1. With charges set only on the Cβ (+1 for Lys and Arg, -1 for Asp and Glu), what does the dipole of the range 326-377 come to about its Cα centre, in debye to the nearest 20?
2. Please list 3J(HN,Hα) in residue order for the range 351-362, calculated via the Karplus relation 6.51 cos²θ - 1.76 cosθ + 1.60 where θ = phi - 60°; whole Hz, with x for glycine and proline.
3. Got a sec? Charge dipole of the chain, +1 on Cβ for Lys and Arg, -1 for Asp and Glu; which of G369, I48, Y216 is way out at the positive end?
4. Order of 267-276, 236-245 by packing, highest average Cβ count within 10 Å first?
5. So which lysines pass the test for K316, namely a Cα distance under 28 Å, with those fewer than 8 places away in the same chain ruled out?
6. In whole percent, how big is the carbon plus sulfur part of the accessible area of the range 71-300, probe 1.4 Å, protein atoms only?
7. Given the options P20, P191, P370, state which has the largest fluctuation in a GNM of the chain using a 10 Å cut-off (strictly under) for Cα springs.
8. Would you calculate the convex hull of the Cα atoms in the range 18-121 and tell me its volume per residue in Å³?
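The values are calculated or read from the model by the stated rules, or taken from the named source; none is laboratory data. In this text the structure is predicted, and so the values were computed from the model without any measurement. Counting neighbours? That spans all protein chains shown, and the Cβs are built from the backbone with ideal geometry, glycine included. Note: areas computed on protein heavy atoms with side chains; ligands, DNA, RNA excluded. Shrake-Rupley method; radii C 1.70, N 1.55, O 1.52, S 1.80 Å.
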Amino acid sequence: MTQQITRNDFDQFLVQNYAPADFIPVKGKGSRVWDQQGKEYIDLTGGIAVNALGHCPDELLKVLQQQGSTLWHSSNWFTSEPTIALAKLLVEKTFAERVMFVNSGAEANEAALKLARRYAVDHFGYQKSKIISFKQSFHGRTLFTVSVGGQAKYSDGFGPKPADIIHVPYNDLDAVKAVIDDHTCAVIVEPIQGESGVLPATTEFLQGLRQLCDQYQALLIFDEVQTGVGRTGHFYTYMKYNVVPDILTSAKALANGFPIGAMMTTHQIAASFKPGVHGTTFGGNPLACAVAKKAVEIISDEHFLEQVRAKSDFIKQTIAKLNQQTPIFRQIRGEGLLIGAELIEKYHGKAMDFCHLANQYGLMLLVAGPNVVRLAPALNISQTELEEGLNKFAKTMTEFAK
Ligand SMILES: *Cc1c(COP(=O)(O)O)cnc(C)c1O
């Protein structure tokens, strides 16, 4: 079957809003992937920070099979045991008191932004609608989330955008002070900007946002769609910064690749979503929630998170050493297993070329913008897989520099 389907068919039958690599993965286990020709790859992409426990992990497969033969979907006219169990677990493990499930990161942010607007209407009136966001930020691809995101190339060309959204430079507290006022209903921020280059916020910046939001009675939304669920070596990254948001969004790794998103908040704020105000057909389905619960149980364990931080140091040190021999990177940064290596100016715009070259050596990598090579491997990648991957990374560096 797979032999009859080729990469060319993609161009013929799919909407061309993606330009996937020229090989087709057909199988994955742990941090290894095989393509149609049987060529083996080390996967340092984790499906864009999604497969936190690698491909087809046994513990999750067991839950998927078990729930798959029990109940897949019952709609939100009814609730399910896995839905409630997952919400309860997330409430135990975070600041949140209430959880709403959706199917993606964009939907989690859409819910967060709508909740912030509705909360402001309920408590202060319609004039409190300003949303402050950051340049280069990424919050998803629905029209609202893409308008809140700070990249015009993603939001322009779709007609009128939702109004009263303002973008200021990231990590610049004075810029926020200049625009925040009593009409501000929310500030939304990624603790580490993922898509635009793996740029961490400073602690002072996030603490300052918390203070400003308190001062102007605006809600602080942390978009942890990429940084959450253990990715940075903390269950959620707000825990590392010790800054507690009012609303937290999560998706990507939450069920290791089974689609699910979550919007988490306090009891008081959640009260603005009364029955019928917002909803989704698939959100919170038993299958996704059962898988997510198992993933959260494994990943939120402190010993598990500790090994994520140890691997982070190993990767950064290894690449830094390679970079002394073959200096192609300006900076290697990031937290936990969300790592960005920014190319020196000479190679700006060539991050994608680096990734394509890596494919030839049997290595899967990501970019974060045109100048940054991004690594987001499985959090449980073995030392052997990691060393193999970094050997291939070294070869790619040498060849790239030629
Ligand atoms: C990936 C991502 C999103 C969008 O998630 P989707 O599941 O693609 O809708 C939103 N915010 C951040 C920070 C992300 O990394």
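1. Computed charge dipole of the range 326-377: roughly 60 debye.
2. Going residue by residue, I get 4, 5, 4, 4, 5, 5, 4, 4, 3, 4, 8, x Hz, with x marking Gly and Pro.
3. Comparing the listed Cα positions along the dipole, G369 ranks first.
4. Going by the mean number of other Cβ atoms within 10 Å, highest first, we get 236-245, 267-276.
5. Partners within reach: K29, K39, K135, K240, K252, K346, K350, K392, K395, K402.
6. Of the solvent-accessible surface of the range 71-300, carbon and sulfur hold 55 percent.
7. With Cα springs under 10 Å in the chain, the top fluctuation among P20, P191, P370 is at P20.
8. Each residue corresponds to 176 Å³ of Cα convex hull volume.
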